[in-house]
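Inspection log for the structure reproduced underneath, given as C-alpha cells.
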Amino acid sequence: MQWNDSGLILSVRKHGENSVIIHAFTRKQGRSSGLVRGGVGRRLRGILQPGNEVELEWRSRLSEQLGSFTVELKKSRASALFDMPDALAGASSALALLDIVLPEREAHGALFDATLLLFDALADQPEIWPLLLARWELGLLTEIGYGLDLTHCAATGVTSDLVYVSPKSGRAVSAGAGAPYREKLLPLPAFLGARSLDPDAAEEAPSADILGGLELTGYFIGKFISEHHPRVHLSARERMLSALRRRHAPQSGEKIPENDEA
Amino acid sequence: MSQSEIEHLIQLLSKLPGLGPRSARRATLYLISRRESLLTPLSAAMQAAADNVKVCSQCWNLDVTDPCDICRDVKRDQSLLCVVEDVSDLWALERSEAFRGRYHVLGGTLSALDGIGPDELNMEPLIHRVGEGGITEVILALNATVDGQTTSHYLSDRLSDFGVQVTRLAHGVPVGGELDYLDDGTLSAALKSRRSMG
C-alpha cells in the first residue's frame, strides 16, 4: 500500500529513541498517522513541527497497519507564527481540534483547503484571523455532523433578524420568536448569521462579536467533545480565548463573557 | 551471580536511553569482566546518587544540596533568571559558560494534546520567584518549537505585570551553518531577527 498527498502536521509524538509517530491532516486521505524513522534527528525535527505543510508518502504492507511516512517540507508555516502569540495560540487550537475531532482516514477536502486559508490568515492578517477561525470552526462542526443551521429561524422560517441559536438543535432563532426564551438561547453574532457572506461584515464585526462567535462555536464543539471524547480538555482553545479576551476587551470597552463551554 | 541476576541486570540496562537488549547484554558482560574497577564503583556511585541527589527547591535543578550550587553561588548575577524546559537544557547552557545568572527549570512545556497545562509545570513557583523582586530580566530559553514558543508567550503574558524585562533566545543561523542547507523556517526567522552591522 502506498499513497502520496500534501498535508499539515497536526501532532508529533516520540516513538522509541529515534522515531516519531505523526498525525497529519491530508487533502485526499484525511487525518492519517504514520511512523517517521529518524524523526527525532536534526534534519527532520524542524520539518516535523505542528502546522508545517508537507508532502507525504505513506507506505505499509497492509492498509490497516500504522505504516511509515516519508516527509518533505512544502511550506514552513509554524515558525512564521513564533513571534505572534495570539496567532500561535489560534494555530495550536485549530490543530488540536483537528487532531481530536476528525475521524482517521476520512477525506475532508473542503476543510483542508479552508484550513490552509486560515493558516495564511494567521500569518498575514492579524485583524481577520479570529473571525476566520470562528467561520472555520463552523465548517468543522458541519464536517463532523454537528453543523449549525443559521440561514433561517427554526420557529418562523424568517431569514432576517436572526439573533439567537438554539443550544439544543443548533438552529437560528429570530429576535421575535426567541424573546420569551432568550435566557436559554445562545446569542448569534451578526457576522455568523445571514449577513456572513457579506465581505463588509467581516471588517465591521466588533471584537466582542468575534469572541461571541468563538463562544458559540465553542459551545457546540464542547458538546461534541463531551459526547465523543469525554476525557479530552481543549486547553489550547481556552488559552487562545483568554489571550483574545485580554487583547480585545480593553479596546472594545465591552464586557466579554468569561464562561466558554469548550 | 546467578543467571537470573545477570538477566535482571540486562533487563534494567536495556531500559536506559540508547541501549537495547543486545547492547545491554554487551554492557553487562563488560561490567562483569571489570568487576573491581567498574561494576562495584558504578554500583556505589548509583547508590550514592539515589541517596543524595535532590531537586533544588528554588530552581528545580538536580544537585546533592538544596538549594543547589548555582542558587547558592553569590558570584552569579542575581538579577538575571533563565527559564529552561529541562535540567538537560540547564546543563547545556552551563557547558557554554555564556550565562552567569540563575535558572528556573519548568519541567516541560505546555502541550494541548498531552494534557500538560500550567499546573503541571513549575510555573507558579517561577511567578512567585519573580514576584519576590530582585530580578530585572527573565530570559525564556525554551525550544524553538510550537509548544516551546506557546509556553514562552504564556509566560511572557503572566510576567508582564511584574515590571521585569522578558526576553527570549534568538532564532536563526547556527554557528557553522550554511544557508543552502537551512530550512525555510529557520531562514525566515534569521531574516526577521537581522541586526545592523557596526
Open item on the list: Among DSSP bridges having both ends in chain B, what percentage is antiparallel? Round to the nearest 5.
Closed with: 20 percent
Task: Heavy-atom accessible area per residue - chain B, 1.4 Å, Å² - done: 61 Å²
Open item on the list: Between 0 and 90 degrees, rounded to the nearest ten: what's the tilt of helix B:146-159 against the longest Cα principal axis of chain B?
Closed with: 60 degrees
Task: Listing of region B:131-156 residues, each with accessible area lower by at least 40 Å² in the full protein assembly than in the chain alone (probe 1.4 Å) - done: B:VAL146, B:THR150, B:HIS153
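Counting only helical runs of four or more DSSP H residues, what would the 222 nm mean residue ellipticity of chain B come to if each run contributes -39,500 (n - 2.57) and the total is spread over all its residues?
Working: 8 runs with 83 residues, N = 198.
That calculation yields -12500 deg cm²/dmol at 222 nm.
At R0 = 41 Å, how high is the FRET efficiency between A:HIS15 and A:ARG182 if r is their beta carbon distance? Nearest 0.05 is fine.
0.20
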Task: Three-way shape call for region A:19-143 based on the alpha-carbon gyration tensor, with the a/c threshold at 1.5 - done: oblate
Task: region B:99-148-region A:90-133 distance, computed between alpha-carbon centres (Å) - done: 28 Å
- [ ] With unit charges on the beta carbon (Lys/Arg positive, Asp/Glu negative), name the residue among A:ALA121, A:PRO50, A:ILE100 whose Cα is farthest towards the positive pole of the charge dipole of region A:40-131.
- [x] A:PRO50
Task: Residue-wise HN-Hα coupling along region A:215-221, computed from phi with Karplus coefficients 6.51, -1.76, 1.60 (Hz; x: Gly, Pro) - done: 5, 5, 5, x, 4, 6, 5
- [ ] Give the cross-link partners of B:LYS192 among the lysines, using a straight C-alpha distance below 24 Å as the criterion and excluding same-chain residues fewer than 8 apart.
- [x] A:LYS74, A:LYS75
TODO: Excluding residues fewer than 8 places away in the same chain, name every one of the lysines whose C-alpha is closer than 21 Å to that of A:LYS223.
DONE: A:LYS168, A:LYS184
- [ ] Choose one answer from B:ALA27, B:ALA141, B:ALA44: the residue with the largest mean-square fluctuation in a GNM of chain B with alpha-carbon springs under 10 Å.
- [x] B:ALA27
Open item on the list: In whole Hz and in residue order, list the ³J(HN,Hα) couplings for region A:48-54 that follow from phi through the Karplus curve 6.51 cos²θ - 1.76 cosθ + 1.60, θ = phi - 60°; x for Gly and Pro.
Closed with: 7, 9, x, x, 6, 8, 9
- [ ] Only Cα pairs under 8 Å and at least 6 apart count here; give the relative contact order of region A:50-113 as a rounded whole percent.
- [x] 30 percent
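Of all DSSP beta bridges located in chain A, what percent are antiparallel, nearest 5? Before the final figure, lay out the partial values.
Numbers: 34 of 37 bridges.
Of those bridges, close to 90 percent are antiparallel.
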TODO: Collect residues whose amide H, placed 1.01 Å from N in the peptide plane, falls under 5 Å from the amide H of B:ILE116; neighbours closer than 5 in sequence don't count.
DONE: B:SER111
- [ ] Return, ordered by residue number, the residues of region B:60-92 whose backbone nitrogen is under 18 Å from a label point located 7 Å along Cα→Cβ of B:ALA48.
- [x] B:62-66, B:69
Task: Two-site label geometry, B:VAL55 and A:ASP83: point separation in nm, points 7 Å out along Cα→Cβ - done: 3.6 nm
Task: Percent accessible area from carbon and sulfur atoms, region A:27-160, protein chains only, probe 1.4 Å - done: 51 percent
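As a test, work out the antiparallel percent of DSSP beta bridges whose residues both lie in the protein assembly as shown, rounded to the nearest 5.
Values: 37 of 53 bridges.
Of the beta bridges lying entirely in the protein assembly as shown, close to 70 percent run antiparallel.
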Task: Rounded to 10°, Cα long-axis angle of helix B:87-96 versus longest principal axis of chain B - done: 70 degrees
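What is the dipole size for region B:94-198, taken about its Cα centre, with +1 at each Lys and Arg Cβ and -1 at each Asp and Glu Cβ, in debye to the nearest 20? Intermediate results must be reported in sequence, preceding the final value.
Numbers: 9 positive and 15 negative charges, 97 e Å.
Approximately 460 debye in magnitude.
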Open item on the list: Using Cα springs under 10 Å in a Gaussian network model of chain B, which residue among B:ARG95, B:ARG22, B:ARG129 shows the largest mean-square fluctuation?
Closed with: B:ARG22
TODO: Work out the charge dipole of the protein assembly as shown with +1 on the Cβ of Lys and Arg and -1 on the Cβ of Asp and Glu about the Cα centre, then indicate which of A:HIS15, B:LEU187, B:ILE135 is farthest towards its positive end.
DONE: A:HIS15
Task: Cα gyration tensor, region B:110-149 - rounded (a/c under 1.5), prolate or oblate - done: oblate
TODO: Give, ordered by residue number, each residue of region A:47-65 whose 1.4 Å probe accessible area is reduced by a minimum of 40 Å² on adding the remaining protein chains to the chain alone.
DONE: A:GLN49
- [ ] Enter the accessible area of A:ASP113 (Å², nearest 10), with the probe set to 1.4 Å and all protein chains included.
- [x] 70 Å²
Open item on the list: Which one, A:VAL54, A:VAL163, A:VAL40, has the greatest fluctuation when you compute a Gaussian network model over chain A with C-alpha springs under 10 angstrom?
Closed with: A:VAL40
TODO: Report, to the nearest whole %, how much of the accessible area of region B:1-118 belongs to carbon and sulfur atoms, 1.4 Å probe, protein only.
DONE: 56 percent
Task: Buried on assembly, region A:90-133 (at least 20 Å² less accessible surface than by itself, 1.4 Å probe) - done: A:SER92, A:ALA96
Task: Separation in nanometres of the label points that stand 7 Å from Cα toward Cβ, at A:LEU66 and B:ILE6 - done: 3.3 nm
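Pick out, in residue order, every one of the GluC sites (Glu not before Pro) in region A:1-87 that is DSSP loop and has at most 14 other C-beta atoms within 10 Å; say none if there are none.
Values: sites: A:GLU17, A:GLU53, A:GLU55, A:GLU57, A:GLU64, A:GLU72; in loops: A:GLU17, A:GLU64.
Within region A:1-87, the qualifying GluC sites (Glu not before Pro) (loop, at most 14 other Cβ atoms within 10 Å) are A:GLU17, A:GLU64.
Taking Cα pairs under 8 Å and at least six residues apart, what relative contact order does chain A come out at, in percent?
On the way: 460 pairs, mean separation 36.5, N = 262.
Here the relative contact order equals 14 percent.
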Task: For B:LYS54, distant residues with modelled amide H under 5 Å away - done: B:ASP63, B:VAL64, B:THR65
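If you filter region A:64-158 for trypsin sites (Lys or Arg not before Pro), then keep DSSP loop positions with at most 15 other Cβ within 10 Å, what is left?
Values: sites: A:LYS74, A:LYS75, A:ARG77, A:ARG105, A:ARG135; in loops: A:ARG77, A:ARG105.
In loop regions of region A:64-158 (DSSP not H, G, I, E or B), the sparsely surrounded trypsin sites (Lys or Arg not before Pro) are A:ARG105.
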TODO: For B:LYS15, go through the lysines and keep the ones whose alpha-carbon is under 29 Å away, minus same-chain ones fewer than eight residues off.
DONE: A:LYS14, B:LYS54
Open item on the list: Give me a comma-separated list of calculated 3J(HN,Hα) values for region B:13-24, in order, Karplus coefficients 6.51, -1.76, 1.60 applied at θ = phi - 60°, integers in Hz, x for any Gly or Pro.
Closed with: 5, 5, 7, 6, x, x, 10, x, x, 5, 6, 5
- [ ] Report, to the nearest 10°, how far helix A:129-143 tilts away from the longest principal axis of the Cα atoms in chain A, using its own Cα long axis and a range of 0 to 90°.
- [x] 80 degrees
Task: For region B:2-103, with +1 on Lys and Arg beta carbons and -1 on Asp and Glu, the positive-most of B:LEU80, B:TYR30, B:ALA98 along the dipole - done: B:TYR30
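If each residue of separation counts as 0.36 nm, what is the full-extension length gain between A:ARG247 and A:ALA107 once their alpha-carbon separation is subtracted?
Details: separation 140, 0.36 × 140 = 50.40 nm, distance 3.58 nm.
Result: 46.8 nm gained on full extension.
Output the relative contact order of chain B, whole-number percent, from Cα pairs under 8 angstrom with separation of 6+ residues.
Numbers: 220 pairs, mean separation 24.9, N = 198.
Computed over chain B, the figure is 13 percent.
The values are calculated or read from the model by the stated rules, or taken from the named source; none is laboratory data. Predicted model, so just to flag it, every value in this text is computed and none were measured. For neighbour counting, all protein chains shown are included, and Cβ atoms are generated from backbone atoms with ideal geometry for every residue, glycine included. Side chains included, ligands, DNA and RNA excluded: accessible areas come from the protein's heavy atoms. Shrake-Rupley method; radii C 1.70, N 1.55, O 1.52, S 1.80 Å.
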